[in-house]
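So the structure is just underneath, and the comments pick up after that.
Just so it is clear, none of the values below were taken in a lab; they were calculated from the coordinates. Keep in mind the model is a prediction, meaning the values are calculated, not measured. We place every Cβ from the backbone using ideal geometry, glycine too, and count neighbours over all the protein chains shown.
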Amino acid sequence: MHELSIVSSVVDAVLESLAAYPGAQVKQVRLRVGALTAVVEDSLQFCYSIATEGTALDGSALVVQALPVVVHCAACAQDVEIDSVQSFRCPRCGQFSMDVRQGRELEIDSIEIEEQEAEGKPS
Amino acid sequence: MTTRIVELRRGILKKNDELAAGLRGRFSAAGVLVLNLVSSPGTGKTEFLQRTLEELRKSGARTAALVGDLETDNDARRLATSGAPVRQINTHGICHLEAEMIGRHLEGWDLAALDYLFIENVGNLVCPSSYDLGEKIRVVLLSVTEGEDKPLKYPTLFNSADAAVITKMDIAEAVGFEREAAIRNMHEIRPGIRIFETSAKTGLGMAEWLAYLAARGT
């Protein structure tokens, strides 16, 4: 159950970036989460509503893009997506590979914010 | 009202990763080999580490350990009987160690006077996988009583490990441990992983483990 720690880090990072947009309200936070991170989306969503309460993120949506594991297969000389994290073998040729090219991401991709128009400011 | 998309593209655990990178630099400059030991609760991390510390001290190596638990300093007191400096990290409910906790608990220790620093993580096979502690080697431990399919059940942690230690081999037969299946499963999840079959009680496999440490420490 480290999702609460992870969500707290997300909230901190978003609030930090909001310093450049005073008064802005967050509508959506988009994450990229690799299959090798052991992070469960349901758990993230549950913690998110608690961690964002009373902040500029209150009421925003958390959108999680799940990324499958991609390894580089030396024998096939190409990047291949593996079907399950139960076996690090190339699905084409069956060779083992530990050359992980995708699946360890735990990133904030972007946020969608709503800004108040500054009064008297030319549009 | 205007809606705007702001690209952040930053790691969620960036702060931990930065602190871990700083620690790694310090460890490397001090010439100390740092290992992060991870397993389920009850695998025998402390017993295995105690034996390791005792053996290393006998050979003249300078060792120290940090041990993480939610509460109590029982493990630190146990490990301290080896004669090595030991500090307990109580996480008070947090299910893993973080780089910041390591940095804070190293205060006052002269890293350059150490050959090995062992970090015994909180007993948990899920959460510690995401948190880099600045270690050079991540060791996953699995006891013969836990089931051969544990690597398949907790692939993320096994995949992130550099070495694996099977503990309590002295009771393998009694509990019907299927050695080949366990080793096969580890290799499926972490191809090429170095595996040590040990018993802290009888000393089985300790010589190979110590030789591995000596080779990595130089």
Subject >> Kyte-Doolittle mean at least 0.0, axial Cα span of 18 Å or more - DSSP H helices of chain B >> reply: none
Original post:
Looking only at other chains, what is the average number of their beta-carbon atoms within 10 angstrom of each beta-carbon in B:7-18?
Top reply: 6
Original post:
Going by the alpha-carbon gyration tensor, a ≥ b ≥ c the square roots of its eigenvalues, is chain B rounded (a/c under 1.5) or, if a/c is not under 1.5, prolate (a/b greater than b/c) versus oblate?
Top reply: oblate
**OP:** Compute the Kirkwood hydrodynamic radius of segment A:33-115, taking the inverse of the mean of 1/r over all pairs of distinct Cα atoms, and give it in Å to one decimal.
**Re:** 14.8
**OP:** Pull up all non-local amide H partners of residue A:95: gap of 5 or more, or a different chain, and H-to-H distance under 5 Å with H placed in the peptide plane.
**Re:** A:90
Original post:
To the nearest 20 debye, what is the magnitude of the charge dipole of segment B:1-120 about its Cα centre, counting +1 on the Cβ of each Lys and Arg and -1 on the Cβ of each Asp and Glu?
Top reply: 320
Subject >> Rule-of-thumb Rg ratio for the protein assembly as shown [Cα; 2.2 N^0.38 Å; N residues] >> reply: 1.11
Original post:
What are the ³J(HN,Hα) values, in whole Hz, obtained from phi via the Karplus relation 6.51 cos²θ - 1.76 cosθ + 1.60 with θ = phi - 60°, for each residue of segment A:78-93 in sequence order, with x given for Gly and Pro?
Top reply: 7, 7, 10, 7, 9, 6, 9, 7, 7, 7, 8, 10, 5, x, 8, 10
**OP:** Sum -39500 (n - 2.57) across every DSSP H segment of at least 4 residues in chain B, then divide by the residue count to get the 222 nm mean residue ellipticity, nearest 500.
**Re:** -10500 deg cm²/dmol
Original post:
If you look for lysine pairs in segment B:117-218 that are eight or more places apart or on different chains, how many of them have Cα atoms under 24 Å apart?
Top reply: 5
**OP:** Using a cut-off of 11 Å between beta-carbons, work out the net charge of the residues near residue B:4 (Lys and Arg +1, Asp and Glu -1, residue B:4 not included).
**Re:** -3
Subject >> Cβ-based charge dipole, the protein assembly as shown, positive-most Cα from B:161, A:62, B:94 >> reply: B:161
Original post:
If you count, for each residue, the other Cβ atoms within 10 Å and average over each peptide, how do A:35-42, B:167-174 line up from highest to lowest?
Top reply: A:35-42, B:167-174
Original post:
Just for the protein assembly as shown, what percent of DSSP beta bridges are antiparallel, to the closest 5?
Top reply: 40
Original post:
Using the alpha-carbon centroid of each, what span in Å lies between segment A:25-51 and segment B:155-218?
Top reply: 34
Original post:
What does the charge add up to near residue B:109, with Lys and Arg as +1, Asp and Glu as -1, over the other residues with Cβ less than 14 Å from its Cβ?
Top reply: +1
**OP:** Could you tell me the distance between the Cα centroids of segment B:1-68 and segment A:89-108, to the nearest Å?
**Re:** 24
Original post:
If amide H atoms are built 1.01 Å from N in the plane of the peptide, which residues on other chains or at least 5 residues away come under 5 Å of the amide H of residue A:28?
Top reply: A:61, A:112
**OP:** Report, by chain and number, residues whose modeled amide H sits under 5 Å from the one on residue B:34, excluding near sequence neighbours (fewer than 5 apart, same chain).
**Re:** B:117, B:136, B:137
Subject >> For residue B:40, net neighbour charge (Lys/Arg +1, Asp/Glu -1) across residues whose Cβ lies under 11 Å away >> reply: +2
